[in-house]
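Structure first, then comments.
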Amino acid sequence: MKKDQVIALDGPSGSGKSTVAKLVAKQLNLIYIDTGAMFRAVAYALQHTGIDFTKPKLDSHDEQIIQSFFHDHRFQFAAQPGVLVQLDNLNLTDVIREHHVSKLASQISKHKVIRDFLAEWQRSIVQDRPAILDGRDIGTVIFPNAVVKIFLTASAQERAQRRFEELKERGQLEHDFDSILNDIKERDHVDMTREIAPLKKANDGIELDSTGKTVTDMVTFIVNLWNQRKGSL
Ligand code: DC
């Protein structure tokens, strides 16, 4: 079967996916797609619909509201320099990193109507171009024929520490370490136990534990794997 010219980089929040993905993309000249940012953009956009996304299933009325929102508005990924995600003319690059958007993104992502929209959006950006995507279900659902599939992990403690430092650097530290750690654990739980496209390693994926490894180690590992496998296609 023909493989997709894609590196699927999946893993839980804060495992270092985006840092690694950006560097791999640069070295290999691939398009980089941050699918978490896309989920966050949709979460941000839908927060004012008044729909309760924490309920297990959306009813058909909720789905109609969401579908017509998708129909009436235009989301764009990296359409212009410096703008990662955009809703109509609104630049969402910064607001999607806010703490409450992280939570909401995890909540909306268990619903089929939303995942279907996101799946189409992700595939439409890639088309046939070589790309690296980071997310949760890239190797299992979006590109199951990806040339390289990596599942990047790290302990919850380590991931919370990284998120803490990141928020501090951005001057957005409104929560203490313990509440960030609890949030990470809660999001892991939601992401891993949802019915549709749960966060898990693809059967043919390679698990890479980032604890104690340098970014360079991980980038080199992935770049080498891509070069080996691309050569043998
Ligand atoms: O990677 P991130 O933290 O920016 O992602 C935010 C949320 O979006 C995450 O909690 C789960 C969801 N997500 C998803 O379900 N599937 C993806 N491919 C990417 C993100």
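Bear in mind these aren't lab numbers, they're just calculated from the coordinates by the rules spelled out. These numbers come from a predicted model, not from an experiment. Positions of Cβ are backbone-derived with ideal geometry, glycine not excepted, and every protein chain shown enters the neighbour counts.
Taking amide H atoms as placed 1.01 Å from N in the peptide plane, the amide H of Leu208 lies under 5 Å from those of Phe151, Leu152, Thr153, each 5 or more residues away in sequence or on another chain. Residue by residue, region 172-177 carries 3J(HN,Hα) couplings of 10, 7, 9, 10, 7, 4 Hz when phi is fed to the Karplus relation 6.51 cos²θ - 1.76 cosθ + 1.60 (θ = phi - 60°); x denotes Gly or Pro. Between the listed residues Leu167, Ile206, Asn182, the Cα displaced farthest toward the positive end of the dipole of region 163-233, a dipole computed from Cβ unit charges relative to the Cα centre, is found at Ile206. Residue-wise HN-Hα couplings along region 156-163, as the Karplus relation 6.51 cos²θ - 1.76 cosθ + 1.60 with θ = phi - 60° gives them from phi, are 4, 4, 5, 5, 5, 4, 5, 4 Hz; Gly and Pro carry x. Here the mean projected area of the convex hull built on the C-alpha positions of region 55-118 is 4.8 nm². Projected onto planes of every orientation and averaged, the convex hull of the alpha-carbon atoms in region 1-132 covers 9.1 nm².
Treating r as the C-beta distance of Asp52 and Glu186 and R0 as 22 Å, the FRET efficiency rounds to 0.80. Of the trypsin sites (Lys or Arg not before Pro) found in region 36-144, those that fall in a DSSP loop while having at most 12 other beta-carbon atoms within 10 Å are Lys57, Arg74. Considering every alpha-carbon pair of the chain, the percent of pairs per 10 Å bin, from zero through the bin containing the longest distance, is 7, 32, 38, 19, 3, 0. Put simply, region 24-66 fits an ellipsoid with semi-axes of 33, 10, 9 Å; these come from the alpha carbon gyration tensor as the roots of five times its eigenvalues, largest first.
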